[in-house]
Amino acid sequence: MDSSADRLTDAFLVGLDLREHLQFGNSLVAAFEELEARFDTLEDGYPEWHPAPHPFHGMLKLFIYREITGDTYRELQEQQKLASAVGLNRIPDESVLSRTWRHRFDYATRDFIKRGAHLLVKEVHKDGLSVEGIRPKHEVISPQEHDVKESKKAKAKEARFDDKEISRTTRLAREHCFTPFDSGRADNSSYDDSRFFELQTFMGMVGCGTAQGAARFQYRRGKEYGPHGDTHLRAVKQFEADSFLDGFQTATDRLLSVIESEVTFRRPVTVALDITTVPYFGNVEGMSMVSGTKDGDRRAFKFATLSIVGQNIPLVLAVEPVRESSAWDNNPPNRIHRVVRRLVRQAKEHVPIEMVLCDREFDSMRVFQTLSNLGVNYLIPKRITGPERKAIEKMEEDDKEVAVESASVHVEQGSHAMQFLYVPSTKTDGTTVFATNARVTPVEAEAFCRRYSSRWQIENEYKSIKHDFLAKTSSKDYRVRLFYFVFAVLLYNIWRLTDFLLKAAADGEMDYAPVITAGECVELVSSALLPPD
């Protein structure tokens, strides 16, 4: 696999992690205290015997901070309060900082630092966040990037990406998403469903709970226009879970019907399947839909999604609640292959699927067979156990970097031939093992496994859904939790469809980067684009 692609992805995620902490008003130093280390693709330029008193990861964080602020080495040395936040005992002097940049960090590491830091600077200025110490945006834009941006602006101008066009396009996307949903409320109700959708969108946009969101919405739109917070929650609870998920499927079908004639939409599609969590901090007694997490004592609601990735428009095609067995309920053990089956079946109603990408959580013979029974190819990293270790040891003895091992699956759901692909790891000096039912030769294996790198898009998708579109709530009612999450996914799809239609109107290239931000889109959706009859 291409290690540079993995480094780029990790650098991108470092920038997004920092932005996530900053958008809630945290300082830059506080954001670094919470920063998740994504440095496995980087190598310490000093050997183990080198008497470097400062840990490699701590120095990496320090230089990312420096690249974000533009501080000189002397200014950095004077900020000793920063040391603990980045994982150092103290900030080194100027000479050590200079040697670290020139000798300890190779080109790949310096590039990683710049890319992650510069992404954050651009995001902060783009979103208008007030963060002390962030350097000006123009300092992190290269001449080539400036030329590309100007070219895109020119194309957008030619395509008339004005407010009227964007509003019209957003309204089209919104109509396709919202009309399949009906709460079943009486026709003479004070508010039709569209008012509740507008309020829900507004709450996601401003990142607040129902009571505060309803009050702010009424202040903005008028007291008679929007419902009270309690009224909103009562309306949300009238949406039955099954019917709401059916409505999501109808909305997805309508969204895809809008783009099915576009030649830039490639078929069949590659999809990524994953499970995300929404934290829950209340009492778990009687909360059968609350599950434990990998973080020990933490609790969360879990949702599985299936999304288009790769070179296509990134849309979420299916959503499935995850119900797990926990110490506080009588749920049966979760069978993840059943979740996979439901998601893929739902998605196949909309588009043909060529490849399914999953992470190691889905490394299961039953999952492999389920995907084979559904007639799709899969590419899933495998956990390293005894048989895989023996195969890797044999590869080392034979001085091989790549190997393909034929295998077969035999479970109660059926059987099929498959392969294990042994390829160089992009994060360590070792070997990564992938499972697939596609026929791959040793010569093709490494290039084939590079397709897995497109799965990083689903991580960005979850960040956007939860931080740009998901309204806050402390409700213990699962109907409310499900509605809030699925509605956030709908808003994400509206954003991506609006972006796609604008690009299609400009006859532009369908790249991943959007031409309209999530914030711009959600503000338009929360406006009265669909006046009541």
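The values are calculated or read from the model by the stated rules, or taken from the named source; none is laboratory data. Because the structure is a prediction, the values reported are computed rather than measured. Using ideal geometry, Cβ is built from the backbone for each residue, glycine included, and neighbour counts are taken over all protein chains shown. Heavy atoms of the whole protein, side chains included, go into the accessibility calculation; ligands, DNA and RNA do not. Shrake-Rupley method; radii C 1.70, N 1.55, O 1.52, S 1.80 Å.
Within region 497-533, how many residues are in contact with a Cys (Cβ under 9 Å, 6 or more places away or on another chain) and either surrounded by fewer than 23 Cβ atoms within 10 Å (Cβ to Cβ) or at pLDDT below 65 (or both)?
Qualifying residue count, region 497-533: 1.
Taking the condition of being modelled with pLDDT of 90 or more and exposed (fewer than 15 other Cβ atoms within 10 Å of the Cβ), how many residues in region 58-76 meet it?
0
Of THR210, THR231, THR250, which residue is in contact with a helix residue (DSSP H, G or I) (Cβ under 7 Å, 6 or more places away or on another chain), surrounded by 14 or more Cβ atoms within 10 Å (Cβ to Cβ) and hydroxyl-bearing (Ser, Thr, Tyr)?
That would be THR210, the only listed residue that is in contact with a helix residue (DSSP H, G or I) (Cβ under 7 Å, 6 or more places away or on another chain), surrounded by 14 or more Cβ atoms within 10 Å (Cβ to Cβ) and hydroxyl-bearing (Ser, Thr, Tyr).
Pull up region 259-280, narrow it to residues that are open to solvent by less than 30 Å² (accessible area, probe 1.4 Å) and among the hydrophobic types (A, V, I, L, M, F, W, C), then point me to the one that is modelled with the lowest pLDDT.
Here the answer is PHE265.
May I ask you to verify whether THR370 is at pLDDT 95 or above and out of contact with any Pro (no Cβ under 9 Å at 6 or more places or on another chain)?
Yes, satisfied.
Counting only residues that are over 21 Å from the mean Cα position of the chain (by Cα) and crowded, with 18+ Cβ neighbours inside 10 Å, how many does region 340-363 have?
4
Can you give me the number of residues within region 18-75 that are more than 22 Å from the chain's Cα centre (by Cα) and small (Gly, Ala, Ser)?
Final tally of qualifying residues: 6.
Does PRO333 satisfy the condition of being under 26 Å from SER453 (Cβ atoms) and modelled with pLDDT under 90?
Values: under 26 Å from SER453 (Cβ atoms): no; modelled with pLDDT under 90: yes.
Against the criterion (under 26 Å from SER453 (Cβ atoms) and modelled with pLDDT under 90), PRO333 does not qualify.
Filter region 347-373 down to residues that are under 19 Å from ARG266 (Cα atoms) and either of a type in the set (S, T, N, Q) or part of a helix (DSSP H, G or I) (or both), then give me how many there are.
Of the residues in region 347-373, the ones under 19 Å from ARG266 (Cα atoms) are 347-357.
Remaining after also requiring either of a type in the set (S, T, N, Q) or part of a helix (DSSP H, G or I) (or both): 347-348.
Count: 2.
Looking only at region 425-441, count every residue that is at pLDDT 90 or above and either within 29 Å of ARG335 (Cα to Cα) or surrounded by 15 or more Cβ atoms within 10 Å (Cβ to Cβ) (or both) and tell me the total.
Qualifying residue count for the region: 10.
List pairs: first in region 98-109 and over 14 Å from ASP44 (Cβ atoms), second surrounded by 13 or more Cβ atoms within 10 Å (Cβ to Cβ), Cβ under 8 Å, 6+ apart or cross-chain?
Pairs that qualify, where the first residue is over 14 Å from ASP44 (Cβ atoms) and the partner is surrounded by 13 or more Cβ atoms within 10 Å (Cβ to Cβ), are SER98/TYR73.
So which residues in region 319-339 are open to solvent by 40 Å² or more (accessible area, probe 1.4 Å), in a loop (DSSP other than H, G, I, E, B) and not small (Gly, Ala, Ser)?
Matches in region 319-339: ARG323, TRP328, ASN330, PRO332, PRO333, ASN334, ARG335.
With more than 30 Å from ILE465 (Cα to Cα) and of a type in the set (Lys, Arg) as the only criterion, which of ARG90, ARG7, ARG38 stands out?
ARG90
Restricting the search to region 89-103, which residues are under 22 Å from GLY15 (Cβ atoms) and open to solvent by 10 Å² or more (accessible area, probe 1.4 Å)?
Correct list: TRP101 only.
Taking the stated definitions as given, is TYR225 more than 22 Å from ARG481 (Cβ to Cβ), among the aromatic types (Phe, Trp, Tyr) and outside any helix (DSSP H, G or I)? If you could, list the steps in order and put the result at the bottom.
Details: more than 22 Å from ARG481 (Cβ to Cβ): yes; among the aromatic types (Phe, Trp, Tyr): yes; outside any helix (DSSP H, G or I): yes.
Here the answer is yes, as TYR225 does meet what is asked.
Closer than 28 Å to PRO424 by Cα, free of Cβ contacts under 8 Å to residues at least 12 places away in the same chain and among the acidic types (Asp, Glu): is that true of GLU43 in this structure?
Taking the combined requirement at face value, the residue does not satisfy it.
Does any residue of region 405-412 turn out to be exposed (fewer than 12 other Cβ atoms within 10 Å of the Cβ), closer than 26 Å to TRP456 by Cβ and not basic (Lys, Arg)?
No: zero hits.
For region 77-88, name all the residues that are open to solvent by 60 Å² or more (accessible area, probe 1.4 Å) and under 12 Å from GLY58 (Cβ atoms).
Hit for region 77-88 is SER84, nothing else.
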